[in-house]
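A.B. asks: Next up is a structure, given as structure tokens.
The values are calculated or read from the model by the stated rules, or taken from the named source; none is laboratory data. Computed from a predicted model, the values in this text were never measured in an experiment. No Cβ is skipped: glycine too gets one built from the backbone with ideal geometry, and neighbour counts run over all protein chains shown. With ligands, DNA and RNA removed, areas are computed over all heavy atoms of the protein, side chains included. Shrake-Rupley method; radii C 1.70, N 1.55, O 1.52, S 1.80 Å.
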Amino acid sequence: PSRGERHARPPAGPRRGLAAHRTACRGRFMRRASSLVGLPFDLTPGGLMADSGGFVLPMHRRVGSRVGRSSRIDTKDRKAGRRGRMSLNRRRFVTLVFVLAAAATLRIVAYLSLWYPGDETIRATSESWLKLMFSRSGVSFGTGRAIKFATDVRIDAGDAILTTKPGSVVQGKISQRPRWEKGKDLNVTAVAEIHLRDALEKNCFFRVRDDAPVVTLWDDGVVHEYELNGGVAKASDFGGGTAGDGSRGHDSPQKRLNVESLACSHFRCMSYASWSRLSEGRTPTPPPVTKDSQSGNVLLINSATTLKMLSEYHRPLLNHQAYAESHGYGYVLALVKPSDLQGRSGKFAKHLALGAQLAKQRSLGGGWDYRRGSSSRGDTQWDDTGGVGADATTPPPPPPTSFQSVCHMDLDAWFATWARFSTYGDRWGAEKDLLFGDAGQIWLNTGLLCARPSQWAVAFFTRVVNAAFSGVAPEDTEGVETERRLGRPVGADFDSGTLTGGSGAVTVEVTGREGTSSVDSRKYIYGFQRDQPAVWHVLAQTWATENGVPYKAQACDVWHRACNPVENPIECWHWCHWDALQRWGGSASPQNKESIHPSETRGKWTGGLAGSVHLLARVQLAPRFDAPAKDVDDFFAPKRAESKSTIQKITQQTPPMHRMCLRSCRSVLSRVGMGLCGAVSGGAAFCFPKDVDKMSLCDGAGCLKQMAVKGGGWIKHTGHQHWRDTLPSCVPVTEDEVARERADPKKACA
């Protein structure tokens, strides 16, 4: 229609005019809409889509326009589909990642809740392919790389552990700075001549009563009844008669005994029959001693420097006494006088006692010296001339009064099986002077230590009790630096004790418990507070001489800082001993070349402590709990003479010689919770368990449970820090109780 027609007024008549106007408006709207999408529109009466009743949208006349529109719609649909599929895949991927992360988290949490770390963890990582050794001051990967921290990392709970029960007394009060004058060394042979002379030794006896916590001492004819729980010497229950020699009679009531006031130092266990006849004034007699296979006569020793030390150990003493009597072993309680130590730490009492007993056995004609010409590792070989006749072809047998195997065990250890010592002693190589039980720690533990009465062993214990940590006071910085450069104590030869290198007197100010005083820094030898670093030191010197181990001693970087701690000498072992053993690539000694099996690698660090010690001179390790098969074979089948089935049967029936409480009693997850609680609360005591060891977080019950798995051990050794709860009442004292304890570790507990 024309412009005029579009704008013409509607025809006359209200209804007709309104309808026409609506039609025109609708037409204009549709044309405009169709123009927007490119469609034709026709409102003529004869149009393609005309209808008598009105009009509808026409059909597409141009196919191209319809196809173009459909193509655009399909493209949009495909993009939307792809976006939908990508969104679905993304959601599935995110869900999968979330599920895997949740599963991994739960797995890690479960693992951490079941992981109880401890010394065995350090041992395992140090002997793994990583050779990872770590301590408070750093980590090292074998000989390849070492990382030292700027400050020491705390690995124990420290003062956060609340202690409500008193701990047991261990070796009395240990001096923070043990020392003695240079040139005044102890000689264990001389000590034996004083305290183990025949006239005195035959009048020194003891017995632990099983009906009361009392130790009866026959002190050169004087009877003392010492109550372990109260530390009071009571009047003898055996009447008021005099002793067998008619000298001094019985002790007065309520008198507190002092080790220094006793005439005897080494008390032999008396038989029950002779104990019951003490009222008759007869001198006691020991139970009979019988030979134990190739191990010969066996002697067991306990030691203490104060009587109060015995107060918590009634049942372990009964355990040792019953075990020794049932097998025909000798049993000695050595009450070492602090004055005999002459300024040394009380921790060295057991080495003085053990060395003196070895010297005594040699004086009796029961000395043991390995003859290098022998081709046998297991045959016993004795000489009866104290080492002089070591080359004799057919030495006579030892006298029946001497002992050929002497073992010292701590008071916090007990026999957890009734197996004979020969189970391990018969596998003890003839060329080895010392036998340790591998407890699973990263170092050698002296809680159980056996020795043969050889000339070298006597000299070894003499060297241990005289081991010098330093020849100068710690305040003498110039002297410390000189020792670090020389690799030995200043002013003394640590082997012979003779003065060397003459430095003049150097006065330093020393601050101690009694205040500040001036001392001559070069006048004294300063000893070790703990005995284990001293034993390692002397052994490392031996291995350096005989095997070529590159041991630095005082030249070790951390020596003066870490090798004389009050407790836990892990830094000293890490940087001064473990590192030296890692670097051993060495020369086996002539003696050791005869002892090792031809198929074994000679003179080289094997990657494991037990295997390497097996190749080193003088020392042998009995396998630890869950030891590798090679370590077991090295000990139980050194000659490969037995069949594989026989060895397997032996190892299955033989528990580890020395079992200790080494793992944490709290899991890593639990420790993380304690750490977070402590961080939030400022180290509040309620975040941590009380009356437990601050390192392992174990109490006595936890230790018992830990040592009960997989057959337990021949010796179970907890550590004195765990004797605060029911543990003192849980130690079995008879063979029957031992059998029940193996089935239930708390069977004997009160």
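A.B. asks: Looking at (1) surrounded by fewer than 23 Cβ atoms within 10 Å (Cβ to Cβ); (2) farther than 23 Å from Ala349 by Cβ, can you tell me which one Ala459 breaks?
C.D. replies: So Ala459 meets the others, but not (2).
A.B. asks: Another question, then. Could you list, in sequence order, all residues of the range 656-686 that are of a type in the set (S, T, N, Q) and farther than 25 Å from Thr121 by Cα? Spell out the reasoning first.
C.D. replies: In the first step, residues of the range 656-686 are kept if they are of a type in the set (S, T, N, Q); the result is 664, 667, 670, 681.
Result: Ser681, single match.
A.B. asks: Next question, about the same structure. Could you go through the range 513-527 and let me know if any residue there is under 30 Å from Gly447 (Cβ atoms) and modelled with pLDDT under 80. Talk me through it step by step, then tell me what you get.
C.D. replies: Initial filter on the range 513-527 (under 30 Å from Gly447 (Cβ atoms)): 513, 524-527.
Cutting the leftovers down to modelled with pLDDT under 80 gives us 513.
So far as the range 513-527 goes, yes, one or more of its residues are under 30 Å from Gly447 (Cβ atoms) and modelled with pLDDT under 80.
A.B. asks: Of all the residues that make up the range 674-722, how many are free of Cβ contacts under 8 Å to residues at least 12 places away in the same chain and within 24 Å of Ala622 (Cβ to Cβ)?
C.D. replies: Counting residues in the range 674-722 that are free of Cβ contacts under 8 Å to residues at least 12 places away in the same chain and within 24 Å of Ala622 (Cβ to Cβ) gives 1.
A.B. asks: Further question: Taking the condition of being open to solvent by 10 Å² or more (accessible area, probe 1.4 Å) and either farther than 19 Å from Val215 by Cα or in a helix (DSSP H, G or I) (or both), how many residues in the range 276-300 meet it?
C.D. replies: 10
A.B. asks: Going by the structure shown, is Arg522 assigned to a loop (DSSP other than H, G, I, E, B) and of a type in the set (Lys, Arg)?
C.D. replies: Details: assigned to a loop (DSSP other than H, G, I, E, B): yes; of a type in the set (Lys, Arg): yes.
When the stated conditions are applied, Arg522 passes them.
Listed here are the residues, each with its yes/no results for (1) part of a helix (DSSP H, G or I); (2) open to solvent by less than 10 Å² (accessible area, probe 1.4 Å); (3) basic (Lys, Arg); (4) modelled with pLDDT of 80 or more.
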residue: Ile647; (1), (2), (3), (4): yes, no, no, no
residue: Pro655; (1), (2), (3), (4): no, no, no, yes
residue: Cys665; (1), (2), (3), (4): no, no, no, yes
residue: Gly683; (1), (2), (3), (4): no, no, no, no
residue: Pro689; (1), (2), (3), (4): no, no, no, no
residue: Val692; (1), (2), (3), (4): no, no, no, no
residue: Cys703; (1), (2), (3), (4): yes, yes, no, yes
residue: Gly713; (1), (2), (3), (4): no, yes, no, yes
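A.B. asks: Have a look at Asn445, Asn466 and point out the one that is buried (at least 23 other Cβ atoms within 10 Å of the Cβ) and modelled with pLDDT of 85 or more. Full working, then the answer.
C.D. replies: Details: Asn445 fails: buried (at least 23 other Cβ atoms within 10 Å of the Cβ).
Answer to the check: Asn466.
A.B. asks: Same structure, new question: In the range 177-230, which residues are open to solvent by 10 Å² or more (accessible area, probe 1.4 Å), among the polar types (S, T, N, Q) and within 18 Å of Pro286 (Cα to Cα)?
C.D. replies: Hit for the range 177-230 is Asn203, nothing else.
A.B. asks: Against the conditions (1) modelled with pLDDT of 85 or more; (2) on the phi < 0 side of the Ramachandran plot, where does Lys131 fall short? Just the number, please.
C.D. replies: For Lys131, the failing item is (2).
A.B. asks: What pairs can you find where one residue is in the range 301-316 and open to solvent by 10 Å² or more (accessible area, probe 1.4 Å), the other is part of a loop (DSSP other than H, G, I, E, B) and aromatic (Phe, Trp, Tyr), and their Cβ atoms are less than 7 Å apart, with a gap of 6+ or different chains?
C.D. replies: Hits for this filter: Glu312/Trp723.
A.B. asks: Continuing with the same structure: Tell me which of these Ala492 doesn't satisfy, since it passes every other one: (1) surrounded by fewer than 21 Cβ atoms within 10 Å (Cβ to Cβ); (2) at pLDDT below 90.
C.D. replies: (1)
Conditions (1) under 21 Å from the mean Cα position of the chain (by Cα); (2) at pLDDT below 90; (3) more than 30 Å from Gly429 (Cβ to Cβ), marked per residue:
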| residue | (1), (2), (3) |
| --- | --- |
| Ala544 | no, no, no |
| Val549 | no, no, no |
| Trp573 | yes, no, no |
| Gly586 | no, yes, no |
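A.B. asks: Please go through the range 193-206 and give me each residue that is out of contact with any Leu (no Cβ under 8 Å at 6 or more places or on another chain) and of a type in the set (A, V, I, L, M, F, W, C), ordered by number.
C.D. replies: In the first step, residues of the range 193-206 are kept if they are out of contact with any Leu (no Cβ under 8 Å at 6 or more places or on another chain); the result is 193-204.
Within the range 193-206, Ile194, Leu196, Ala199, Leu200, Cys204 qualify.
A.B. asks: Can you report the number of residues in the range 316-346 which are in a loop (DSSP other than H, G, I, E, B), aromatic (Phe, Trp, Tyr) and in contact with a helix residue (DSSP H, G or I) (Cβ under 6 Å, 6 or more places away or on another chain)?
C.D. replies: Our first condition is that a residue be in a loop (DSSP other than H, G, I, E, B); within the range 316-346, this holds for 328-329, 336-337, 342-345.
Next, from what is left, pick out any that are aromatic (Phe, Trp, Tyr): 329.
Add one more test, that the residue is in contact with a helix residue (DSSP H, G or I) (Cβ under 6 Å, 6 or more places away or on another chain), and what stays is none.
Residues in the range 316-346 being in a loop (DSSP other than H, G, I, E, B), aromatic (Phe, Trp, Tyr) and in contact with a helix residue (DSSP H, G or I) (Cβ under 6 Å, 6 or more places away or on another chain): 0 in total.
A.B. asks: Need pairs with beta-carbon distance below 7 Å; first residue closer than 24 Å to Asp631 by Cβ and within the range 657-673, second open to solvent by 10 Å² or more (accessible area, probe 1.4 Å) and assigned to a helix (DSSP H, G or I); sequence gap 6+ or separate chains.
C.D. replies: The qualifying pairs are Cys661/Gln706; Leu662/Asp119; Leu662/Glu120; Arg663/Glu120; Arg663/Gln706.
A.B. asks: Turning to a different aspect of this structure: In the range 423-442, is there at least one residue being under 20 Å from the mean Cα position of the chain (by Cα) and within 30 Å of Arg485 (Cβ to Cβ)?
C.D. replies: If we filter the range 423-442 for residues that are under 20 Å from the mean Cα position of the chain (by Cα), which is where we start, we get 435-442.
From what's left, within 30 Å of Arg485 (Cβ to Cβ): 442.
Yes, that holds for at least one residue.
A.B. asks: Hey, does the range 162-177 have a residue that's over 21 Å from Asn258 (Cα atoms) and modelled with pLDDT of 80 or more?
C.D. replies: Looking through the range 162-177, at least one residue is over 21 Å from Asn258 (Cα atoms) and modelled with pLDDT of 80 or more.
A.B. asks: Next up: Taking the condition in contact with a strand residue (DSSP E or B) (Cβ under 9 Å, 6 or more places away or on another chain), modelled with pLDDT of 85 or more and among the basic types (Lys, Arg), does Lys291 pass? Give the derivation first.
C.D. replies: Values: in contact with a strand residue (DSSP E or B) (Cβ under 9 Å, 6 or more places away or on another chain): yes; modelled with pLDDT of 85 or more: yes; among the basic types (Lys, Arg): yes.
Spelling it out, Lys291 is indeed in contact with a strand residue (DSSP E or B) (Cβ under 9 Å, 6 or more places away or on another chain), modelled with pLDDT of 85 or more and among the basic types (Lys, Arg).
A.B. asks: So Gly675 clears everything in (1) open to solvent by less than 70 Å² (accessible area, probe 1.4 Å); (2) modelled with pLDDT under 75 except one condition, right? Which one?
C.D. replies: Here Gly675 clears every test but (2).
A.B. asks: Does Ser599 qualify as being open to solvent by 20 Å² or more (accessible area, probe 1.4 Å), more than 23 Å from Gly437 (Cβ to Cβ) and at pLDDT 55 or above? If you could, list the steps in order and put the result at the bottom.
C.D. replies: On the way: open to solvent by 20 Å² or more (accessible area, probe 1.4 Å): yes; more than 23 Å from Gly437 (Cβ to Cβ): yes; at pLDDT 55 or above: no.
Criteria not met by Ser599.
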